[in-house]
Amino acid sequence: MIPLTDVVSSTIKAVGYGKQGLLVVFLSNPSKVYAYGGCTQNHAELLLAAASAGKHFATHIKGLPFTTFDLDDLPDLKASPRFPFDPIDWFAAAKAVGAFFAPPSGLVF
């Protein structure tokens, strides 16, 4: 199975690592998985640990060669307990990142 981890980001939905390389699911196209074959598991870990996943991706990964897959093309991914992706728990995210978190308008903590 290819585990994916949800990301609190305005551009990236989830990140994982598998035999295809670094796997990224974007919010703009959640039915596709982008596989960056030249990336290592360390790239995935750094992306997940970054203060801003979108900025880290834009700086260090965007522009590298990638392959896209439909979710149906990756049966291991569909079998993962992380699929379908869990909705973002804004309250848990706010606690996790503290003052650096700007909740969507209308949410009060």
Inset, instruction - Report the residue count in region 32-50 for those that are more than 13 Å from the chain's Cα centre (by Cα) and in a loop (DSSP other than H, G, I, E, B). - result: 4
Legend entry - Filtered residue count, region 16-40, keeping only those that are modelled with pLDDT of 90 or more and touching a helix residue (DSSP H, G or I) at 6+ places or on another chain (Cβ under 6 Å): 1
Inset, instruction - Look at region 32-68 and say how many of its residues are among the small types (Gly, Ala, Ser) and within 15 Å of residue 6 (Cα to Cα). - result: 7
Inset, instruction - Please list, ordered by first then second residue, the pairs with beta carbon atoms under 8 Å, 6 or more apart or interchain, first in region 46-71 and modelled with pLDDT under 95, second among the basic types (Lys, Arg). - result: 68/32; 69/32; 70/32; 71/32; 71/78
Legend entry - Pick from region 9-27, criterion within 12 Å of the chain's Cα centre (by Cα) and part of a loop (DSSP other than H, G, I, E, B), ranking: surrounded by the most Cβ atoms within 10 Å (Cβ to Cβ): 9
Inset, instruction - Return the pairs, sorted by first residue and then second, in which the second residue is assigned to a strand (DSSP E or B) and modelled with pLDDT under 85, the first residue lies in region 6-31 and is aliphatic (A, V, I, L, M), the beta carbons are less than 8 Å apart, and the residues are 6+ apart or on different chains. - result: 14/4; 15/4; 23/4; 25/4
Inset, instruction - Please specify each residue of region 48-66 satisfying the condition of being over 15 Å from residue 36 (Cα atoms) and either of a type in the set (Phe, Trp, Tyr) or touching an Asp or Glu at 6+ places or on another chain (Cβ under 9 Å) (or both). - result: none
Inset, instruction - Return the total of residues in region 51-61 being under 16 Å from residue 10 (Cβ atoms) and either among the charged types (D, E, K, R) or not in a loop (DSSP other than H, G, I, E, B) (or both). - result: 7
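The values are calculated or read from the model by the stated rules, or taken from the named source; none is laboratory data. Quantities reported herein were computed from a predicted structural model and do not represent experimental measurements. Note: ideal-geometry Cβ built from the backbone for every residue, glycine included; neighbour counts use all protein chains shown.
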